Amino acid sequence: MLLSNLTQWVGSNLSEKEAIKIIADAGFDAYDISLFKLTREESYQFNSPDYVNIAKDLRKYADSLGIVCNQSHAPFPSSTGKEEEDKVIFDKIVRAMEVASILGAKIIVVHPKQHLIYPDHPEELFEINVEFYKSLIPYCEKFGIKVACENMWQCNNGNKVPSDSTCSRAWEFNKYLDAIDSEWIVGCLDIGHVSLMNADIPTFIKTMGNKRLQALHVHDTDFKSDKHTLPFMEKIDFIAMCKALAHIDYKGDLTFEADAFYRGKPVELYPAATKFMCEVGKYLISQIEENR
């Protein structure tokens, strides 16, 4: 099991190369390349016509540091409900898949479409998303990379209270993956998102099993807001999570999406913060292995 950290926060405040070096120097086995800027900044390096060579150069740099790219996160949201905008987003997701594959990622997380209010449109969203993920399979085959669907949440009617959305319950997550029925489309369980829906994390993990569940987004919450901070900073029972992962004989990696742990810290402290994150990650992996 590889221990991985995403590049988002450090990469946004420094550069992706600097983020990868800090993650490597801290002792992580791998990095999760955050490709959100593909839909947010036209000047982003992977929006360049020379994006393939840029990706190859970044891969060579990471290889020189002895660190691999285990997974990636595609830009989000995956839809707006407006046909022209959604066509642009789809093309950017495909670009992200190609870039991630060049970097060596085996899995890229792609959010389900959730532009409709979930309680009013659960079946419509199901049909839209099954078609959406199936449409990505040819690109999975072309680039040799799996796409991971992620469990989501919404804030409906403009309030700030998280509520159910696509795949926020284990039975529905399984329904999606089983309907798509492809080795190329798997599940990424966002541990923080499970907690926001007041779902039991161990039960969710056991219900999915290790065939469906092949990737993780690990971060802590207070059960009220999507804090994306480091485990043991808030209220999630991570020892119970580790035992459940061991119970299903989880085969994937442990990837932090705890980028907000960097919030408020000067860039000079990023290396030290990342080293501490690595120690926490190693502890979690030790707990999984001890309970197998």
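Annotation: Cα Rg of the stretch 1-71 relative to the compact-globule expectation 2.2 N^0.38 Å equals 1.06.
Overall shape of the stretch 72-123 was characterised from the C-alpha gyration tensor. The equivalent ellipsoid obtained from it has semi-axes of 24, 13, 6 Å, in decreasing order.
All C-alpha pair distances within the stretch 213-259, sorted into 5 Å bins from zero, spread as 5, 22, 28, 24, 16, 5 percent across the bins.
Stretching His247 away from Asp25 to a fully extended chain increases their span by 76.7 nm, per 0.36 nm per residue minus the current alpha-carbon distance. Computed on the chain, with alpha-carbon pairs under 8 angstrom and 6+ residues apart, the relative contact order is 17 percent. Over the stretch 159-204, accessible surface divided per residue gives 37 Å², non-protein components excluded, 1.4 Å probe.
Dividing the convex hull volume of the alpha-carbon atoms in the chain by its residue count gives 123 Å³ per residue. How much of the DSSP beta bridge set in the chain is antiparallel, as a percent to the nearest 5? Here the antiparallel bridges make up roughly 15 percent for the chain. Expressed per residue, the C-alpha convex hull volume of the stretch 86-211 stands at 112 Å³.
Convex hull volume of the C-alpha atoms in the stretch 151-268, normalised per residue: 123 Å³.
Surface composition of the chain: carbon plus sulfur atoms contribute 50% of the solvent-accessible area (1.4 Å probe, protein chains only, all chains present). Note on exposure: Lys113, Lys160 ranked by accessible area (1.4 Å probe, complete protein assembly) read Lys160, Lys113, with the most exposed listed first. Leaving ligands, DNA and RNA out of it, work out the accessible area of Met1 with a 1.4 Å probe and give it in Å² to the nearest 10. Roll a 1.4 Å probe over it and Met1 shows about 70 Å². A straight chain from Val161 to Arg263 at 0.36 nm per residue would run longer than the Cα-Cα distance by 34.5 nm. What the Cα atoms of the stretch 5-160 give is an Rg and a Dmax of 16.3, 51 Å. Multiplying the residue separation of Ala240 and Asn291 by 0.36 nm and removing their Cα-Cα distance gives an extension gain of 17.3 nm.
Over all directions, average the projected area of the Cα convex hull of the stretch 190-234 and note it in nm². Over every viewing direction, the Cα hull of the stretch 190-234 projects on average to 3.0 nm².
The relative contact order of the stretch 1-117, computed from alpha carbon pairs under 8 Å that lie at least 6 residues apart in sequence, is 27 percent.
A 1.4 Å probe run over the protein chains yields, for the stretch 1-78, 41 Å² of accessible area per residue, whole-number rounding.
The values are calculated or read from the model by the stated rules, or taken from the named source; none is laboratory data. What you see is a predicted model; the values in this text were computed from it and never measured. Remember, those area values only see protein heavy atoms, side chains included, never the ligands or the DNA or RNA. Shrake-Rupley method; radii C 1.70, N 1.55, O 1.52, S 1.80 Å.
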